[in-house]
2 protein chains.
Amino acid sequence: MRGAVLHGPGDVRVENRPDPRIEQPTDAVLRLSATCVCGSDLWPYRGIQKMDGPAPMGHEYVGIVEAVGAEVTSVRPGQFVVGSFWASDNTCEICRAGYQSGCVHRVPMGSLGSQAQYLRVPLADGTLVATPEVPPAELIPSYLAASDVLGTGWFAATAAEAGPGKTVAVVGDGAVGLLAVLAARQLGAERVIAMSRHESRQKLALDFGATDIVAERGDEGVARIKELTGGLGAHSVIEAVGTQESMMQAIRSTRPGGHVGYVGVTHDVNLPGMEMFFSLVHLHGGPAPVRRFLPDLIELIGDGTIEPGRVFDLELPLEQADDGYRAMDERRAVKTLLRP
Amino acid sequence: MRGAVLHGPGDVRVENRPDPRIEQPTDAVLRLSATCVCGSDLWPYRGIQKMDGPAPMGHEYVGIVEAVGAEVTSVRPGQFVVGSFWASDNTCEICRAGYQSGCVHRVPMGSLGSQAQYLRVPLADGTLVATPEVPPAELIPSYLAASDVLGTGWFAATAAEAGPGKTVAVVGDGAVGLLAVLAARQLGAERVIAMSRHESRQKLALDFGATDIVAERGDEGVARIKELTGGLGAHSVIEAVGTQESMMQAIRSTRPGGHVGYVGVTHDVNLPGMEMFFSLVHLHGGPAPVRRFLPDLIELIGDGTIEPGRVFDLELPLEQADDGYRAMDERRAVKTLLRP
C-alpha cells in the first residue's frame, strides 16, 4: 500500500509500505476513508522532536473494517468506524475510569502510521466505535475530526470544567483550540473567549460558538481576559498550544480555584512551583482519552448538532501529503485532510 | 505586649511589640489562648526564604475576642474564635466559590504575627468562626490545629479527591501530612498509605486512620505505592512537603486520571511539562482556603469525632518560642504549641 513516511525534518514522502494484516486475534484492519495531518505531527516535521530513522506518520483515521481477528466481537467487516489515536482495551481499571489514553495495554497509533491506505488497529474491540450506518461523504470529515482534534478539544473543555455559568478562555487557535470552543459551548458554557489573531480562525471560532475574541497574547492577553472577567480571570481556561508562553498565559488567565485544561503537547515546558502554588488553579490535561467521548461525539455528528469537520480547510490526495504538511507548517492551513 | 520576632536565620526573639488595636471598622482584636510554630515558619528561620529586616512571626491562632470594630457583626467580645492564616472577606466571588485564600481582599495573617499575646484580625466577619461556647482547655490544641494544619490537611485531601473507594497516599509526615491522613479517612477513603520513616510519626498516622505505612521515599517510595495498588498508583496522593523530590514522588505515585493535592509550599520546584502531560494526573493545591472548612472542623472537634491537637508534641510558654523553633528545625518535635 501507499503511506506517508517522515525521513527527516521537512522530508515527508509517500511511498510503498507493507500491507497491514491481522497479527493478533484482537486486531482489525481498516481501509481508510480519510486521514489527516495533526499539529503534533509538525513537532518531528520541524525537527523539534527527534526521530530514530524514517517513521510512518499519522494517528487520525476513519474507515471501513476490512478484516477482524478471531476474538473481535464489537465491529465487523463492512462497518464504518472511528478510532482514537491510542489503541486501548477499554476494560482495564484505568479505561473504566475514563482514561483510555492511560490504558495499561495502550498502543500509540502513531507508531502504526494512519496516513496510509490501510491501517492495522490493535485492541479493536476497545478502540473502535462503529457509526450506525456507513455515512454519506459529507459527514466523513466530521467523523475524522472526532478521531483526535474534536475528542482532544472535548477533553480539554471537560478537564477545564467548562459548563453552565462558566466563562471559558481558549489559548490556541489551531484545530484543537477551535474545537475546544465548540466543545465548551456544547457543554453549556455561558461565555467562550477565543484567543486568536487570525481573521479566518476568529470567524470559525465565532461560528463554533465563541462569544468574544481576544487578539492579544502573552501578558497583554492575560490582562485582557482579566478585564473581561471583572479582574478575576476566567473560570476555565483551555491550553491548546504546548509552549511555555501558552501554558503560563493559560494559568495566569485563570481565577483562583479555576480550572486549566491543557492538551498542547508540552515541549520544553517547566511550570514554576511557587507560581503554580499561589495561583490556586486546578491543572489537568495530557493525551486525551478520546475513546471516552466517541459514542457521544458520533451521535452529535450523525444528527447534525455539530460540524467539527469544518476545521479542515485543505483537502489533498494522500500522494500530496508533503504539500499538506507544508501548508500547516506555514500556517496557510488549519488542518489538512488526506484522501487515501 | 510580648511577641516573637525573627531577626535573621535561626534568630527568633520574644520582645515587646505594640499592642494591637482596632484600625478598621471591620477589625477584631483577640487575646490569644494559644498559638504555634508552622513548618512554613522554618523556611525563613532556615534562611531559605529571604526576609527584609526583622519580622513578627506566626499565623495560627485561637483566642477570645477582646474588641471589635463598628462594622463587625458575626463575632462579639468574650467569644472564643478560630481564624485562618488568611484574612478574607468571605463575600467576594472567589470566597463564595470556596477559595478564601484567594480572596480579592485577603490579608496574610503572617504579616501581623500571631506568635504574640494579642492579634489584630482584619475582615473579622469573614475570617473568624466562633465556637458554640468557650471550650475547655483540653480542646484548645485541636481548635488551634484547625487554624492551619488541620484545615490545610483537609484541603489537601479534598484537592486529591480522597473519598469512598479511594486509595490515598500521603507524602510528608509533618503535622499537615499527619492531619491529611486523618482528613482522608474522615472523607471516607478506603485505604490511606502514610509515607514516613519515623516511628513516632508512623504511630500517630496509624492512630489517625492510616491503613498502611511506607518507609521508602523517592523512586523506591513510588515503586512501593505501585506495588500496593496493582501497579497502577494511588487514586489520590497528598503532597505535604514542598520540595522537588516530594512533588515528583507524589505525581509519580498517582495513577493516570488520579488526583494530586499539594499543600507543601513549593520552594525551587519546577514541574517538567512533558512528564506532567503524560502522567494524566489532576494537580490542585496551594495555600489552603481553611475558612471553607472551619465550621465543619469546629463541629467535628467539639463533638470529639477528631482530635487533631495530638500533632502538638511540644508545649512551651511563648517566651521560649526560640526553643520551639529549634525543636522543629531539628525534627525533635512535630509541632510546637506556644502559650502566650
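Tabulated data
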read-out: Listed residues B:Ala184, B:Ala97, B:Ala162, most fluctuating in chain B (Gaussian network, C-alpha, under 10 Å); value: B:Ala97
read-out: Stokes-Einstein D in µm²/s, Kirkwood radius over Cα pairs - the range B:24-92 at 10 °C with 1.306 mPa s viscosity; value: 114 µm²/s
read-out: Positive-end residue, the range A:151-285 charge dipole about Cα centroid, Cβ charges, pick of A:Gly233, A:Gly285, A:Gln186; value: A:Gln186
read-out: For the range B:292-298, 3J(HN,Hα) per residue [Karplus equation, 6.51 cos²θ - 1.76 cosθ + 1.60, θ = phi - 60°, Hz, x = Gly/Pro]; value: 4, 9, 3, x, 5, 5, 4
read-out: Modelled FRET efficiency - R0 22 Å, A:Lys226 with A:His198, Cβ distances, 0.05 increments; value: 0.45
read-out: Lys, Arg +1 and Asp, Glu -1 on Cβ, resulting dipole of the range B:152-285 about Cα centre, debye, nearest 20; value: 260 debye
read-out: Values of log10 I(q)/I(0), in the order q = 0.08, 0.09, 0.11 Å⁻¹, for the protein assembly as shown under a Debye, Cα-only, solvent-free model; value: -0.65, -0.79, -1.05
read-out: Given B:Lys203/B:Lys335; A:Lys203/A:Lys335; A:Lys166/A:Lys335; A:Lys166/A:Lys203; A:Lys166/B:Lys166; B:Lys166/B:Lys226, the pairs whose alpha carbons are separated by over 24 Å; value: A:Lys166/A:Lys335; A:Lys166/B:Lys166
read-out: Between helix A:175-186 and chain A: long-axis angle, C-alpha atoms, 0 to 90°, nearest 10; value: 70 degrees
read-out: Label geometry 7 Å along the beta-carbon vector: A:Glu220 inter-copy distances in nm; value: 5.4
read-out: Column: log10 I(q)/I(0), Debye, Cα scatterers of the range A:221-322, q = 0.12, 0.13, 0.14, 0.21 Å⁻¹; value: -0.58, -0.66, -0.74, -1.07
read-out: Acute angle (nearest 10 degrees) that the helix B:149-159 long axis makes with the longest principal axis of chain B, alpha-carbon atoms; value: 40 degrees
read-out: Size descriptor, Kirkwood hydrodynamic radius, that averages inverse alpha-carbon separations across chain B, Å; value: 20.0 Å
read-out: Angle between chain A longest axis and helix A:218-228 axis [Cα atoms, degrees, rounded to 10]; value: 70 degrees
read-out: Contact order relative to length of chain B, as percent, for alpha carbon pairs under 8 angstrom and 6 or more apart; value: 19 percent
read-out: Unit charges on C-beta of K, R, D, E only; dipole of the protein assembly as shown, Debye; value: 80 debye
read-out: Reachable aspartates and glutamates from B:Lys50, criterion Cα separation under 15 angstrom, eight or more residues apart if same chain; value: B:Asp11, B:Asp41, B:Asp268
read-out: Anisotropy class of the range B:152-285 from Cα gyration tensor, a/c 1.5 cut; value: rounded
read-out: Highest-fluctuation residue, B:Cys36, B:Cys92, B:Cys103 considered, GNM on chain B with Cα pairs under 10 Å; value: B:Cys92
read-out: Between the range B:28-72 and the range B:83-136, the Cα center-to-center distance that results, in Å; value: 12 Å
read-out: Most mobile of A:Thr254, A:Thr73, A:Thr158 in a GNM of chain A (Cα contacts under 10 Å); value: A:Thr73
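Since every read-out is calculated from the coordinates, none of them should be taken as a lab result. All values reported here derive from a predicted model rather than from experimental measurement. Cβ: placed from backbone, ideal geometry, glycine included. Neighbour counts: every protein chain shown.
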